[in-house]
C-alpha cells in the first residue's frame, strides 16, 4: 500500500508539472490576429525668399548678430532677391599731403557697429548671399566707374588694388574661388568671386585681409608722383555686379 500510495503521489506531481508546463508554452506562443496597415505621407514646400539679408561681421559671421555701418548714408541697402549683394565697404584713403613722389596709400579699415552697439574695425569686405536653392553657381565682378576726380581734375595713372582676399561664411557650403591681387582699370570689370555649380551656397564674405592687421595693407591706391594733385577731395565709384551663372 505504501508503494502504491507513493507511486500515485509521484504520478500526481508529474502530471501536474506537465500540465503547468504545457499551459505556459501555449500562453507564450504568438497569437495571430487579423492584420492591418496604413500609409501616411510627409510633405514640404519651398517658395522663393526675396527678403534682403543683413550684413554680418566678416571676422565672426553670425546671422543672429548683424552689423550696421557707421556711415549708413553713404551705403546702398542690401539688394533683394534670392541672389543678393548684402554689403560692400566704402574705401577711404584719408587726407594726404600733396607730393611729387610716387606714393601708395592704404584704405582705412571699415568701422562698423556690432550687434551689441560697440564700434569695431574690420578689413574692408563684400558680402553676397545665394539662397536660390538651385546650386547653379554665380559670379561677382567689380568695375571702377572712372578715375578718381576732383571736379575736372583727375588722378591720372592712379591704380586701385584689392588684395589678400580671405573668405568666411556662417554656413557649411563649398567655398567659391576668390581672385587675388585685383588691380582695377577704370571702366573695365574685374573678377572678384566665382562660384561653380554647388559652390557658394548661403552667405559668403570676402574680406581683403585675413585679419585687422593685414587688412591695413590690403586695399591700396598708388598715385604717380608726376600726377597733378589739386587741393580737395578726389572721388570715384565702384560698381559690384553679381550674375546668376559662373564665369
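FYI, it's all coordinate maths here, none of it is from the lab. Keep in mind that what you see is a predicted model, and the values were worked out from it rather than measured.
Going by Cα centres, segment 120-184 and segment 49-79 are how many Å apart?
That distance is 16 Å.
Explain nothing, just the number: relative contact order of the chain, from Cα pairs under 8 Å at least 6 residues apart, as a whole percent.
Numbers: 509 pairs, mean separation 56.7, N = 247.
This gives 23 percent for the chain.
Nearest 10 degrees is fine. How inclined is helix 2-28 to the longest principal axis of the chain, computing both from alpha carbons?
30 degrees
Given the Cα atoms of segment 195-242, and with Rh set as the inverse mean 1/r over their pairs in the Kirkwood sense, what is Rg to Rh to two decimals?
Expressed as Rg/Rh, it is 1.13.
Tell me which label goes with the value of mean projected area of the Cα convex hull in nm² computed from the coordinates here: (1) 13.7; (2) 27.1; (3) 22.7.
So the calculated entry is the one marked (2).
For segment 36-157, max minus min Cα coordinate along each principal axis, in Å, sorted largest first?
So the extents along the principal axes, rounded to whole Å, are 92, 33, 23.
Per DSSP helix of 4 or more residues, -39500 (n - 2.57); summed, then divided by the residues of the chain. What does that give at 222 nm, rounded to the nearest 500?
-4000 deg cm²/dmol, from helical runs alone.
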